[in-house]
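Just below is one structure, and these are the notes that go with it.
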Amino acid sequence: MAKPSFRAPKGTRDILAPESSRQRALIDSFAHRVELAGYGNVASPMFEEVGVFLRIGESTDIVTKEMFTFESKSASEPITWALRPELTASVVRAYVQHRPVPPWKVWYEGPQFRYERPQAGRYRQFTQVGIEVLGVDQPDIDVEVIALAADFYRDIGMQNVSLDLNSLGDPSCRPAYLDALTEYFQDHSAELSEQSQHTLKVNPLRVLDSKREQDQAMIDAAPVMVDFLSAETGEHFAGVRAGLDKLGIKYEISPRLVRGMDYYTRTIFEFVSTALDNAQNAVGGGGRYDALAESLGGPATPGIGFALGVDRILLACDAEGVFPAPESAVKVFVVDVSGAEVALELTHELRNAGIGADQAFGGRSMKAQMKAADRSGAPWALLIGEDELAAEVVTVRDLRGETGQIQVPRADIVPELLKRLI
Ligand code: AMP
């Protein structure tokens, strides 16, 4: 019988060390940044009733093509669930369920699932970090949210990130814009791609999001929302821009930016890495969703947030040569060729003293154990042979070749290493 040969599903990846430690360090850095600003962590389920996500938009790819759905096993209570494709809808569902006192400022991290066509920087399972704020309407919170993302990119060393900003209006002014947009596209519908002609019937705004070559000239000449903003929405948008200016955060007004979800109102934004030259160069984005809480059965509550793509940020860091994987936590590697008399106990003692320590197993040769020591990334090797065993000492060798080697009494090894490692 042929041996089975399983691989990670298409569009998913096994992230191994040290890349996995790098991903964790990135999430830690994000947590630090946003917790300093008063955001508490929310951990919600990886799947929800599919209805939670339908609010993302009946005409969006996320809902129409990309949802991983499955049925409950209960015949009496049939429910369709979906793996979460994003976290905003889940967080707002949690807000509606628990009714925390607004303003509710939360952050999250974790995997999202979309049945996409996999390519570099686009996966079917990917990790996002993000924040959401429920219950604040003022433009200053839009500025705080955008600034936190910009500051985080800077924290990890990214310099080539640009910020696109737009306002999608609100129910007081968007309908007039949609009418104008629909009329414009209908007048030119023969020139639009077949997919965009279909999209036009469901949601004309989404046509602006088409990446198809055939649609680009039409899109470039289309009417833009910022020309239709009501006095109030225009003032809100001006407040956001003024706040960003005050903080010295650079942005471009991008009047055709719509983003992939239908729940957005007013401010929307996207961060693009100019260091990535492929099509997948958006490293994060977000916006306001002032009607989402109500559409999920809650009280009318304004909301704003963003999600940043961790996988893609790390690709951008590679392109910029920043944010390397953290150093190995293993600081010493015990090489015992005395018949493994000492390694087990010594390694245990070192770990309990808070010193990262590892050892080779299986009574391997000095050469093989030294190779393992090099691979571990530890800066120090502790060598124990017959001579050391007899003299009750340990030879400490600097694997970076900076200081050579010394002998330390077995009983003094922990304090001696603590002295050298600090
Ligand atoms: P979205 O939730 O679509 O607004 O996306 C926010 C960020 O998540 C994007 O800017 C990307 O950095 C990242 N992202 C979205 N979809 C994917 C995907 N399929 N694979 C990897 N990263 C993604």
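Here, each number is a calculation from the coordinates, and none is a lab measurement. Quick caveat, the model's predicted, so the values are computed rather than measured. Every residue, glycine among them, receives a Cβ derived from its backbone with ideal geometry; neighbour counts consider all protein chains shown.
What trypsin sites (Lys or Arg not before Pro) does region 62-96 have in DSSP loop regions with at most 14 other beta carbons within 10 Å? All intermediate terms of the calculation are to be shown ahead of the outcome.
On the way: sites: 65, 73, 93; in loops: 65, 73.
For trypsin sites (Lys or Arg not before Pro) across region 62-96 that sit outside H, G, I, E and B with at most 14 neighbouring Cβ atoms in 10 Å, the list reads 65, 73.
If the convex hull of the alpha-carbon atoms of region 295-370 is projected onto planes in all directions, what is the mean projected area in square nanometres? Spell out each step's value before the answer.
On the way: hull surface 45.3 nm².
The number I arrive at for region 295-370 is 11.3 nm².
Can you list the residues, at least 5 places off or on another chain, whose amide H is less than 5 Å from the amide H of residue 394, using H built in the peptide plane?
408, 410
From the P(r) of region 310-422, can you give the percent of Cα pairs sitting at distances over 20 Å?
Details: 2692 of 6328 pairs.
Pairs farther apart than 20 Å: 43 percent.
For residue 5 and residue 392, what does the FRET efficiency come to when R0 = 60 Å and r is the distance between their Cβ atoms, rounded to the nearest 0.05? Please list the in-between numbers first.
Details: r = 51 Å, r/R0 = 0.86.
Calculated value: 0.70.
If the cut-off is a Cα-Cα distance under 25 Å, which lysines reach residue 73, setting aside same-chain residues fewer than 8 apart in sequence?
Hits, sequence-local ones excluded: 65.
Under 18 Å from a point 7 Å along the Cα-to-Cβ line of residue 191: which residues of region 216-260 have their amide N that close?
The answer is 216-224, 256, whose backbone nitrogens lie closer than 18 Å to the label point.
Say each of residue 46 and residue 368 gets a label point 7 Å from the Cα, pointing the same way as Cα to Cβ; how far apart are those two points in nm?
3.7 nm
Taking only DSSP H segments of four or more residues, each worth -39500 (n - 2.57), what value at 222 nm results for the chain once the sum is divided by all its residues, to the nearest 500 deg cm²/dmol? Present the calculation step by step, with values, prior to reporting the outcome.
Values: 16 runs with 153 residues, N = 422.
Helix-only estimate at 222 nm: -10500 deg cm²/dmol.
Based on Cα positions only, what radius of gyration and what Dmax would you give for the chain, in angstroms?
Rg then Dmax for the chain, in Å: 27.6, 93.
Take the alpha carbon atoms of region 187-257, find their center, do the same for region 350-382, and report the distance between the two centers in whole angstrom.
Cα centres, region 187-257 to region 350-382: 58 Å.
Tell me which lysines have Cα within less than 22 Å of residue 371's Cα, excluding those fewer than 8 residues away on the same chain?
Within reach: 331.
With a cut-off of 8 Å between alpha carbons and a minimum separation of six or more residues, what is the relative contact order of the chain in percent?
On the way: 730 pairs, mean separation 66.2, N = 422.
Computed over the chain, the figure is 16 percent.
Give, in nm to one decimal, the length gained when the segment between residue 322 and residue 68 is fully stretched (0.36 nm per residue of separation minus the Cα-Cα distance). Show your work: numbers first, answer last.
On the way: separation 254, 0.36 × 254 = 91.44 nm, distance 3.42 nm.
Working it through step by step, the gained length comes to 88.0 nm.
Under a 10 Å cutoff between Cα atoms, tell me which one of 161, 283, 332 has the largest fluctuation in the Gaussian network model of the chain.
Maximum fluctuation in the GNM of the chain, among the listed residues, is at 332.
Which FRET efficiency value, to the nearest 0.05, do you get for residue 294 and residue 348 by plugging their Cβ-Cβ distance into 1/(1 + (r/R0)^6) with R0 = 60 Å? Kindly include the intermediate steps, with their values, before the conclusion.
Numbers: r = 58 Å, r/R0 = 0.97.
Between residue 294 and residue 348 the formula returns 0.55.
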